[in-house]
1. Applying the selection to segment 94-128, what residues are in contact with a Phe, Trp or Tyr (Cβ under 9 Å, 6 or more places away or on another chain) and hydrophobic (A, V, I, L, M, F, W, C)?
2. Which of (1) surrounded by 15 or more Cβ atoms within 10 Å (Cβ to Cβ); (2) more than 19 Å from Ala125 (Cβ to Cβ); (3) modelled with pLDDT of 95 or more; (4) not basic (Lys, Arg) does Val87 not meet, given it meets every other one?
3. Within segment 109-126, can you find the residues that are in contact with a Ser or Thr (Cβ under 8 Å, 6 or more places away or on another chain) and more than 17 Å from Ala14 (Cα to Cα)?
4. Restricting attention to segment 122-138, report how many residues are within 16 Å of Phe30 (Cβ to Cβ) and either β-branched (Val, Ile, Thr) or loosely packed, with under 14 Cβ neighbours inside 10 Å (or both).
5. Only residues that are in a helix (DSSP H, G or I) and of a type outside the set (Gly, Ala, Ser): list them for segment 25-69, please.
6. Could you tell me which residue of segment 106-138 is farthest from Glu75 (Cα to Cα), considering only residues that are in contact with a helix residue (DSSP H, G or I) (Cβ under 9 Å, 6 or more places away or on another chain) and among the polar types (S, T, N, Q)?
7. Could you tell me which of the residues Glu39, Glu71, Glu45 is closer than 24 Å to Lys127 by Cα, at pLDDT 95 or above and charged (D, E, K, R)?
8. Considering each of Ala21, Ala10, Ala63, Ala70 in turn, give the residue that is under 14 Å from the mean Cα position of the chain (by Cα), in contact (Cβ under 8 Å) with a residue 12 or more places away in the chain and either more than 18 Å from Leu131 (Cβ to Cβ) or buried (at least 17 other Cβ atoms within 10 Å of the Cβ) (or both).
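The values are calculated or read from the model by the stated rules, or taken from the named source; none is laboratory data. Since this is a predicted model, take the numbers as computed values, not measurements. All Cβ positions, glycine included, derive from the backbone under ideal geometry; neighbour counts span all protein chains shown.
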Amino acid sequence: MDKLTSSLTAETEAIKEAYAALNRNDVSGFVAAFDPQIERIEFAESPSGGTYHGLAAVKAHVAQGRSTWAEGSCEPERFIVAGDKIVVFLHVLVRLKDHTEWVEGRTADVYTFRNGKAVQFRTFADKQQALEWAGIED
């Protein structure tokens, strides 16, 4: 963990719990820390890239993506807190349904928090882009 400030300690723990929920296919648990007006932005090159608004749309988006997994996980490797943002570096290793090969990669998620809830959730294919977007020099 890096630069963990007391103001986002609870939020960082909530994000850790969110990934644990995602990995056990608990979509409701994954979105538990999201504001009802959450905005989800996934990089355009991903299979479900685009922008999603509101908890119902984001929950459906996550459920659809997670439903393609036969097995695997998104494991947080590093958390960086910067102001109202938490950057999470992830190692993704999944085997999709009806496939034998594993898909592996590293991405970065950036969560923006207000009043204890995530109001924005952005995914970046490039860690450096995530850091720059969050205003962090690595």
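1. Quick first cut of segment 94-128, residues in contact with a Phe, Trp or Tyr (Cβ under 9 Å, 6 or more places away or on another chain) only: 94-97, 106-112, 117-127.
Val94, Leu96, Ala108, Val110, Ala118, Val119, Phe121, Phe124, Ala125, listed by residue number.
2. Single failed check for Val87: (2).
3. Once the filter is applied, which keeps residues that are in contact with a Ser or Thr (Cβ under 8 Å, 6 or more places away or on another chain) and more than 17 Å from Ala14 (Cα to Cα), segment 109-126 yields Thr123, Phe124, Ala125.
4. So the first thing to find is which residues in segment 122-138 are within 16 Å of Phe30 (Cβ to Cβ), and the list is 122-123.
Checking the rest, the ones that are also either β-branched (Val, Ile, Thr) or loosely packed, with under 14 Cβ neighbours inside 10 Å (or both) come to 123.
Looking only at that region, the number is 1.
5. At the first step, the residues of segment 25-69 found to be in a helix (DSSP H, G or I) are 27-30, 55-66.
Answer for segment 25-69, where residues must be in a helix (DSSP H, G or I) and of a type outside the set (Gly, Ala, Ser): Val27, Phe30, Leu55, Val58, Lys59, His61, Val62, Gln64, Arg66.
6. Thr123
7. Numbers: Glu71 fails: closer than 24 Å to Lys127 by Cα; Glu45 fails: at pLDDT 95 or above.
Just one listed residue meets the conditions, Glu39.
8. Working: Ala21 fails: in contact (Cβ under 8 Å) with a residue 12 or more places away in the chain; Ala10 fails: under 14 Å from the mean Cα position of the chain (by Cα); Ala70 fails: under 14 Å from the mean Cα position of the chain (by Cα).
Just a single option satisfies the conditions, and that option is Ala63.
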